[in-house]
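Below is one structure, written out as structure tokens; the observations come after it.
The values are calculated or read from the model by the stated rules, or taken from the named source; none is laboratory data. All values derive from a computational prediction rather than experimental measurement. Cβ atoms come from the backbone with ideal geometry, glycine included; neighbour counts cover every protein chain shown. Quick note on the areas: whole protein, heavy atoms, side chains included, nothing else; ligands and nucleic acids left out. Shrake-Rupley method; radii C 1.70, N 1.55, O 1.52, S 1.80 Å.
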Amino acid sequence: MTTSPRRYHITTFGCQMNKADSERMAGILEDMGFEWSEDPNQANVILYNTCTIRDNAEQKVYSYLGRQAKRKHEQPDLTLIVAGCVAQQEGEALLRRVPELDLVMGPQHANRLKDLLESVLDGNQVVATEAVHIIEDITKPRRDSSVTAWVNVIYGCNERCTYCVVPNVRGVEQSRTPEAIRAEMVELGKQGYKEITLLGQNIDAYGRDLPGTTPEGRHLHTLTDLLYYVHDVPGIERLRFATSHPRYFTERLIKACAELPKVCEHFHIPFQSGDNEILKAMSRGYTHEKYRRIIDTVRRYMPDASISADAIVGFPGETEAQFENTLQLVEDIGFDLLNTAAYSPRPGTPAALWDNQLSEEVKSDRLQRLNHLVNLKAAERSQRYLGRIEEVLVEDQNLKDKTQVMGRTGGNRLTFFTGDINELKGQLVKVKITEVRPFSLTGEPVEVRQAITA
Ligand code: SF4
């Protein structure tokens, strides 16, 4: 064992769930006495928290690993860990590919890092990918922000979208109890956090696996009930949640969001395709008509709500006409932000085995055309902010212009304005918008809102 302080470095790939897992694993390592090292080459423990949603995400980790595996030959006490979705997907095979690895652990094991690492430090090479019930973790996550925080509410996913690797690598749905979620939020409120994002791969499934039904036969615990239950947590000014599923997105939830002042009017509802045949082949469980009705209902209750989504182009068998149905939906709805991706066949998913795969040329051509439309529509949508007063939660300094601070509106629009981060960090500031761009705004500060108590 080295006498100098033991250091760790975590590199995180992929989604918010992975970022939240990395924060918790960092908290566990600091609890064990490790210190954060900004430079991975100064760390004794290297952890890659990986993503396998698309092939290029998976390939990224291998190049990083290669470098550290070489380093391990000169520094045998270096500990190499692969966590997250590639670890779950590959398991033992990763040890064959990178024999220098010490620990391969799936996302369900994030909270067990202490035990697993102690076994490694006892000289074992460990693979932890068996399905487990995720234990509540009391360790304090080492959070990247001191203003906004992720709070997991449900792990895993029981859906079977034919392109998606998530259910295979994150397992079945496991909801946390409302009490555990509220306790974590109360703690965050005491620590001065102002905004919380409730997280779930399919957050509308929250509570389905928890016991209890209402007299009407509905699940006792749902996302809507959770929002009412945690809305008055002291100190928390804003609530967000992601990721929604159109199949389960209810008017009851929309009504609650309109009623509850702390719930931000921003909804992330992936639609994936605008064509019903493709939606059927994806096993998404809704039609483009149903999706449009959801957005209409959101806008009926909250006309200014921000809508973001995810879309996949080039799904196996997708014809030009079916792709144009996706373009038409994007044209009609006008998203504030749309994450777009070309279909990438993933191991263990049904669609990857289908023989009507499209060429990379067709996929990248469609991706380009969709991105062009997305930018046009986002620029159109941004126009509504010009001249308005928007409330911005200040999160950080603008790294490109140190005279400015940055934060987001309730509608999740990144906004920049002149200000001193030491004064304004964590403050809600009313900002008059003077300049708009497709995905961000600039303005002038008008007034700092005094935090409301619960
Ligand atoms: S809802 Fe579908 S796309 Fe989303 S994580 Fe579950 S299986 Fe994947």
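Considering the stretch 135-165 alone, what residues qualify as being assigned to a loop (DSSP other than H, G, I, E, B), within 16 Å of the ligand (Cβ to nearest atom) and not aromatic (Phe, Trp, Tyr)?
Val153, Gly156, Cys157, Asn158, Glu159, Arg160, Cys161, Thr162, Cys164, Val165
Out of the residues in the stretch 242-263 that are part of a loop (DSSP other than H, G, I, E, B) and closer than 15 Å to Ala205 by Cα, state the one that is farthest from the ligand (Cβ to nearest atom). Give the derivation first.
Step one: filter the stretch 242-263 for residues part of a loop (DSSP other than H, G, I, E, B), giving 243-245, 249-250, 260-262.
Pick out the ones that are also closer than 15 Å to Ala205 by Cα and you get 243-245, 249-250.
Values: Thr243: 7, Ser244: 10, His245: 5, Phe249: 12, Thr250: 16 Å.
Here the residue is Thr250.
Conditions (1) buried (at least 19 other Cβ atoms within 10 Å of the Cβ); (2) under 14 Å from Ala110 (Cβ atoms), marked per residue:
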| position | (1), (2) |
| --- | --- |
| Arg7 | yes, no |
| Cys15 | yes, yes |
| Asn18 | yes, yes |
| Glu23 | yes, yes |
| Leu29 | yes, yes |
| Met32 | no, no |
| Glu38 | no, no |
| Leu47 | yes, yes |
| Asp55 | no, no |
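Please note which strands (runs of 3 or more DSSP E) are completely contained in the stretch 313-416 and include at least 3 residues that are outside the structural domain of Leu279 (by TED's automatic domain parsing). Step through it out loud before you land on a result.
On the way: elements: 337-342, 389-397, 404-408.
Of the strands (runs of 3 or more DSSP E) lying wholly inside the stretch 313-416, those with at least 3 residues that are outside the structural domain of Leu279 (by TED's automatic domain parsing) span 389-397, 404-408.
Given the conditions (1) open to solvent by less than 20 Å² (accessible area, probe 1.4 Å); (2) within 14 Å of the ligand (Cβ to nearest atom), and given that Met185 satisfies all but one, which numbered condition is not satisfied?
Condition not satisfied by Met185: (2).
Of all the residues that make up the stretch 208-241, how many are outside any helix (DSSP H, G or I) and more than 16 Å from the ligand (Cβ to nearest atom)? Step through it out loud before you land on a result.
From the stretch 208-241, those outside any helix (DSSP H, G or I) are 208-222, 231-241; that's our starting set.
Those left that are additionally more than 16 Å from the ligand (Cβ to nearest atom): 210-222, 231-240.
Residues flagged as outside any helix (DSSP H, G or I) and more than 16 Å from the ligand (Cβ to nearest atom) within the stretch 208-241 amount to 23.
I'd like to verify a number: residues in the stretch 163-182 that are out of contact with any His (no Cβ under 9 Å at 6 or more places or on another chain) and open to solvent by 40 Å² or more (accessible area, probe 1.4 Å), how many?
Restricting attention to the stretch 163-182, the residues satisfying the condition of being out of contact with any His (no Cβ under 9 Å at 6 or more places or on another chain) are 163-173, 176, 179-182.
Narrowing the set further to residues that are open to solvent by 40 Å² or more (accessible area, probe 1.4 Å) leaves 168, 172, 179, 182.
Final tally of qualifying residues: 4.
Show the residue pairs that are 6+ apart or on different chains and have beta-carbon atoms under 8 Å apart, the first residue being within the stretch 160-178 and free of Cβ contacts under 8 Å to residues at least 12 places away in the same chain, the second being within 9 Å of the ligand (Cβ to nearest atom) and among the small types (Gly, Ala, Ser).
Pro167/Gly156
With the requirement that a residue be within 15 Å of the ligand (Cβ to nearest atom) and open to solvent by 20 Å² or more (accessible area, probe 1.4 Å), what does the stretch 273-285 give you? Even if it seems obvious, please write down each step before you answer.
Filtering the stretch 273-285 for residues within 15 Å of the ligand (Cβ to nearest atom) gives 273, 278-285.
Hits for the stretch 273-285 are Lys280, Ala281, Ser283, Gly285.
Just to be sure before I move on: is Glu380 of a type in the set (D, E, K, R), open to solvent by 20 Å² or more (accessible area, probe 1.4 Å) and within 26 Å of Leu188 (Cα to Cα) in the structure I sent? Outline the logic, then answer.
Numbers: of a type in the set (D, E, K, R): yes; open to solvent by 20 Å² or more (accessible area, probe 1.4 Å): yes; within 26 Å of Leu188 (Cα to Cα): no.
Criteria not met by Glu380.
Does the stretch 402-421 contain any residue that is over 29 Å from Ser145 (Cα atoms), more than 26 Å from the chain's Cα centre (by Cα) and open to solvent by less than 50 Å² (accessible area, probe 1.4 Å)?
Of all residues in the stretch 402-421, those over 29 Å from Ser145 (Cα atoms) come to none.
Taking every residue of the stretch 402-421 in turn, none turns out to be over 29 Å from Ser145 (Cα atoms), more than 26 Å from the chain's Cα centre (by Cα) and open to solvent by less than 50 Å² (accessible area, probe 1.4 Å).
Among the candidates Gln59, Gln108, single out the residue that is under 21 Å from the mean Cα position of the chain (by Cα), within 30 Å of Tyr286 (Cβ to Cβ) and outside any loop (DSSP other than H, G, I, E, B).
Values: Gln59 fails: within 30 Å of Tyr286 (Cβ to Cβ).
Residue meeting the stated conditions: Gln108.
So, of the residues in the stretch 122-131 that are surrounded by fewer than 18 Cβ atoms within 10 Å (Cβ to Cβ) and within 20 Å of Gly348 (Cα to Cα), which turns out to be nearest to the ligand (Cβ to nearest atom)?
Ala131
Within the stretch 71-121, count every residue that is open to solvent by 40 Å² or more (accessible area, probe 1.4 Å), farther than 22 Å from Gln174 by Cβ and not charged (D, E, K, R).
Adding up the residues that qualify gives 5.
With respect to Ile10, is the statement that it is outside any helix (DSSP H, G or I) and touching a Gly at 6+ places or on another chain (Cβ under 7 Å) true? Give the steps one after another, and end with the answer.
Values: outside any helix (DSSP H, G or I): yes; touching a Gly at 6+ places or on another chain (Cβ under 7 Å): no.
Criteria not met by Ile10.
From the set of residues in the stretch 115-138 that are at pLDDT 95 or above and among the β-branched types (Val, Ile, Thr), which is farthest from the chain's Cα centre (by Cα)?
Here the answer is Val120.
Quick one: how many residues across the stretch 431-447 are open to solvent by 50 Å² or more (accessible area, probe 1.4 Å) and under 29 Å from the mean Cα position of the chain (by Cα)? Steps first, please.
Step one: of the stretch 431-447, the residues open to solvent by 50 Å² or more (accessible area, probe 1.4 Å) are 432, 434-435, 437, 439, 444-447.
Going one step further and asking which of them are under 29 Å from the mean Cα position of the chain (by Cα), we end up with 435, 437, 439.
Selection size over the stretch 431-447: 3.
Please work out which residue is farthest from Ser364 (Cα to Cα), limiting yourself to the stretch 288-327 and to residues that are open to solvent by 30 Å² or more (accessible area, probe 1.4 Å) and within 16 Å of the ligand (Cβ to nearest atom).
Here the answer is Lys290.
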